[in-house]
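Novice: Input: one structure, supplied below.
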Amino acid sequence: MTTVLAVWAWLKRNIEFVTDEQQTFELLGREGELELLISPAVMVRARRKRGDCDCFTMTGCALLAALGVQPLIKTYKCDS
């Protein structure tokens, strides 16, 4: 459990949450039409680590797997 908590803390401390819409506009000048997936290998090497939920999930799973922890993803539907 300590490893999982350490990975969670690293994600929260090192990756800034931004929406795909914000990033695709800043990077490509395009609005609301693209899903941006940043691979964990790119994310951990980036100077400015930014992404949304799927980026956090992929990077967290990759870090856990590299540390010998089998990741499990559960998806919940939420109503705002």
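Novice: If you put +1 on each Lys and Arg Cβ and -1 on each Asp and Glu Cβ, how big is the dipole of the chain around its Cα centre, in Debye rounded to 20?
Specialist: It comes to approximately 540 debye.
Novice: May I pose another question? For helix 2-14, what angle does its Cα long axis make with the longest principal axis of the chain, in degrees from 0 to 90 and rounded to 10?
Specialist: Value to nearest ten degrees: 20.
Novice: State, to one decimal in nm, how far the label point of LEU72 lies from the label point of ASP54, with both points 7 Å from Cα in the Cβ direction.
Specialist: According to this spin-label approximation, the distance is 2.4 nm.
Novice: Oh, and also: What residues qualify as long-range amide H neighbours of ARG50, i.e. H under 5 Å apart, gap of 5 or more or another chain, H built at 1.01 Å from N?
Specialist: When sequence neighbours closer than 5 places are left aside, the close amide H contacts are GLU16.
Novice: Which one of THR2, ALA65, GLN22 has its Cα pushed farthest toward the positive end of the charge dipole of the chain, where Lys and Arg give +1 and Asp and Glu give -1 at the Cβ?
Specialist: THR2
Novice: Which one is right for this structure if Rg and Dmax of the Cα atoms in Å is calculated from it: (1) 14.2, 50; (2) 13.9, 47; (3) 13.6, 41?
Specialist: Computing Rg and Dmax of the Cα atoms in Å and matching it to (1) 14.2, 50; (2) 13.9, 47; (3) 13.6, 41 gives (3).
Novice: Between ARG30 and ASP79, with labels modelled 7 Å along Cα→Cβ, what's the label distance in nm to one decimal, could you check?
Specialist: If labels sit at ARG30 and ASP79, their model points lie 3.4 nm apart.
Each reported figure results from applying straightforward, stated rules to the coordinates on display, with no laboratory input. The model shown is predicted, which means the values in this text are computed figures rather than measured ones. Reconstructed Cβ throughout: ideal geometry from the backbone, glycine too, with neighbour counts over all protein chains shown.
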